[in-house]
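This report concerns only the one structure given below.
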Amino acid sequence: MNQEDLFKKLIAHSKEYGFIFPSSEIYDGLGAVYDYGQNGVELKNNIKKYWWESMVLLNENVVGIDSAIFMHPTIWKASGHVDAFNDPLIDNKDSKKRYRADALIEEELAKIEGKIEKEVEKARGRFGASFDEKIFRETNPRVLENQQKWDALHNRFAAALNNSDLGELKQIIEDNEIVCPISGTRNWTEVRQFNLMFSTEMGSTADSSLKIYLRPETAQGIFVNYLNVQKSGRMKIPFGIAQIGKAFRNEIVARQFIFRMREFEQMEMQFFVRPGTELDWFEKWKETRIKWHKALGFGDSNYRFHVHEKLAHYANAAVDIEFKFPFGFKEVEGIHSRTDFDLSQHQKYSGKKIQYFDPELNESYVPYVVETSIGVDRMFLQVLSASYCEEEIDGGDGGKDTRVVLRLPAPLAPVKLAVMPLIKKDGLPEKARGIIDELKFEFNCQYDEKDSIGKRYRRQDAIGTPFCVTVDHQTMEDDTVTIRYRDTMDQERVAIDQVKSIIAGQVNLKRLFEKLM
Ligand code: GAP
């Protein structure tokens, strides 16, 4: 299946099986805003739990908070977001569509990269086991030509970004003959800066109302609570504060489903360290975070680090963890060494001393900060796209059938166990409900009695339920059931009182945490 088709299928599947719905759908939707359905919210909560517990349970020096979305507007002046949280935008005069100028150029770079990868894959197929990718990349004329093109464009683009040179961004778009995907023309406006923060007013009268912003990142809620947490928790540096919460950005290009949304959720952790040690901690958190992703078992080659060409105004080192989505490698998480920028700025703008007395050094300083920041929704998309699978299986009548299965890591699955009476009589439904009553305090269980067993299995496969238990007439005689495993479709007969331990071992987050130690 090609990747474009896969992506379309993921979107349709998400809706059909209650994972994600377009927001306000009966009013034709609202751009780049989505709602999570009955299965989506369970999966999302499990992802958040995986992150939260890996931060605050596994690290005794990381604690959590939950700060308000509304914050004093001066916070956003101090953080630099009022003046610098901008995207360069460009309009096509014919289609009237608006684009991010940097995204248009990035797409051009991805196209060249795609040509190189196509050559490599073609050659791999031709040469088979004797293929030496390194030598091929270093010697093939077409690959070399495209690589040179990529390097030249990339260097020019990075310089334009670093110098915030909007004229040069426009020139790059013109020189590379980049066209609007809708109109197909090159009739572009100038490139302009566009601030991404949403604002609203707080207060009841026009005179007294205060312009406030919907937070574009959760991090500032952590910075402004640094002193509260450090003092009330008697925290010693190095220590971290973690938070999960909503963030809002008026994205210009809001496409690609839940990859880029206007309302989304972040899981951020600010780690406060002694100045001068921040780059060591940056390396440590880089490794810790990539391990967290890889523990899910989606394949190590689907991840890569991307070092930032242009550092944000607050950072002295920054790297993204990219995942191979159906539309290519894209950022899921950012790890930034944010220096003492934020705390110093809040110290300056609030007039309050924000420092740490280090008893080992016998001196006070503004701590430096290493941040890990991951989007819940992007993580959700990662999990969904890595788990979606279409398999050809035996149709039972000698023909072939297609099974759609979400091979979700069991600890993340929305429903852990489905319990199904073979038929709706002879006491089987009551027996099935009895099993659920026993186990519902342990795992999310679902009762299903509608349609044939085969159809019920398929429904559970489609939402990624790792275990199904079937209650039949034999159950009534000897208290055994059939347990069916999602991935292998194997079935075995087990005693009812074994079911809990079979499932518990697989669905516990501990299974993932063990891989992180
Ligand atoms: N506090 C740092 C910060 O906010 P960022 O790279 O702008 O850094 C961090 O965002 C993460 O938040 C990204 O890696 C991504 O996963 C997620 N994110 C950012 N913008 C998003 C959007 N419009 N829609 C969905 N997720 C987004």
Would you mind finding the one in Lys122, Lys97 that is farther than 30 Å from Glu174 by Cβ and among the basic types (Lys, Arg)?
Lys122
Within the stretch 399-517, strands (runs of 3 or more DSSP E) holding 2 or more residues that are within 30 Å of Lys284 (Cβ to Cβ) and touching a Phe, Trp or Tyr at 6+ places or on another chain (Cβ under 8 Å)
none
Lys49 vs. criteria under 26 Å from Val507 (Cα atoms) and either part of a helix (DSSP H, G or I) or open to solvent by less than 50 Å² (accessible area, probe 1.4 Å) (or both):
yes
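Matching residues to (1) over 17 Å from Gly375 (Cβ atoms); (2) of a type in the set (Phe, Trp, Tyr):
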residue: Ile20; (1), (2): no, no
residue: Glu25; (1), (2): yes, no
residue: Gly31; (1), (2): yes, no
residue: Glu42; (1), (2): yes, no
residue: Ile47; (1), (2): no, no
residue: Trp52; (1), (2): no, yes
residue: Val56; (1), (2): yes, no
Test set (1) open to solvent by less than 70 Å² (accessible area, probe 1.4 Å); (2) within 14 Å of the ligand (Cβ to nearest atom); (3) of a type outside the set (A, V, I, L, M) - Gly351 fails condition number
(2)
If we only count helices (runs of 4 or more DSSP H) wholly inside the stretch 202-318, which ones have 1 or more residues that are near the ligand (Cβ under 10 Å from one of its atoms) and open to solvent by less than 60 Å² (accessible area, probe 1.4 Å)?
219-223
Apart from one, (1) open to solvent by less than 10 Å² (accessible area, probe 1.4 Å); (2) within 10 Å of the ligand (Cβ to nearest atom) all hold for Arg403; the odd one out is (2)
Kindly check whether there is at least one residue in the stretch 464-485 that is touching a residue at least 40 places away in the same chain (Cβ under 8 Å), surrounded by fewer than 16 Cβ atoms within 10 Å (Cβ to Cβ) and in contact with a Gly (Cβ under 7 Å, 6 or more places away or on another chain).
yes
Could we say that Ala68 is part of a loop (DSSP other than H, G, I, E, B), aliphatic (A, V, I, L, M) and more than 27 Å from Asn225 (Cβ to Cβ) here?
no
Looking at the stretch 376-398, can you tell me whether even one residue there is part of a strand (DSSP E or B), within 16 Å of the ligand (Cβ to nearest atom) and buried (at least 18 other Cβ atoms within 10 Å of the Cβ)?
no
Unique residue being out of contact with any Leu (no Cβ under 9 Å at 6 or more places or on another chain), among the hydrophobic types (A, V, I, L, M, F, W, C), closer than 28 Å to Lys96 by Cβ and at pLDDT 95 or above when the list is Val179, Val191:
Val179
Given the residues Pro429, Pro414, Pro367, which is the only one that is at pLDDT 95 or above, outside the structural domain of Asp497 (by TED's automatic domain parsing) and surrounded by 15 or more Cβ atoms within 10 Å (Cβ to Cβ)?
Pro367
Can you find even one residue in the stretch 32-41 that is open to solvent by less than 50 Å² (accessible area, probe 1.4 Å) and within 29 Å of His313 (Cβ to Cβ)?
yes
Filter result (open to solvent by 20 Å² or more (accessible area, probe 1.4 Å) and over 13 Å from Gly375 (Cβ atoms)) within the stretch 319-330
Lys324, Phe327, Gly328, Phe329
Which ones in the stretch 92-119 are in contact (Cβ under 8 Å) with a residue 12 or more places away in the chain and not in a helix (DSSP H, G or I)?
Asn92, Lys93, Asp94, Ser95, Lys97, Arg98, Tyr99, Arg100
Does the stretch 331-339 include one or more residues that are open to solvent by 60 Å² or more (accessible area, probe 1.4 Å), assigned to a strand (DSSP E or B), out of contact with any helix residue (DSSP H, G or I) (no Cβ under 7 Å at 6 or more places or on another chain) and within 9 Å of the ligand (Cβ to nearest atom)?
yes
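For (1) under 30 Å from Ile290 (Cα atoms); (2) out of contact with any strand residue (DSSP E or B) (no Cβ under 6 Å at 6 or more places or on another chain), each residue gets a yes or a no:
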{"residue": "Ser373", "(1), (2)": "yes, no"}
{"residue": "Asp397", "(1), (2)": "no, yes"}
{"residue": "Val419", "(1), (2)": "no, no"}
{"residue": "Ile435", "(1), (2)": "no, no"}
{"residue": "Lys450", "(1), (2)": "no, yes"}
Scan the stretch 249-268 and tell me whether some residue there is closer than 25 Å to Lys236 by Cα and free of Cβ contacts under 8 Å to residues at least 24 places away in the same chain.
no
Of the residues that make up the stretch 7-30, is at least one more than 18 Å from Ser385 (Cα to Cα), open to solvent by 60 Å² or more (accessible area, probe 1.4 Å) and within 16 Å of the ligand (Cβ to nearest atom)?
yes
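The values are calculated or read from the model by the stated rules, or taken from the named source; none is laboratory data. Model, not experiment: these values are computed from the prediction. Cβ sites come from the backbone with ideal geometry, for glycine too, and all protein chains shown count toward neighbours. Just the protein is used for accessible areas: all its heavy atoms, side chains included, with ligands, DNA and RNA removed. Shrake-Rupley method; radii C 1.70, N 1.55, O 1.52, S 1.80 Å.
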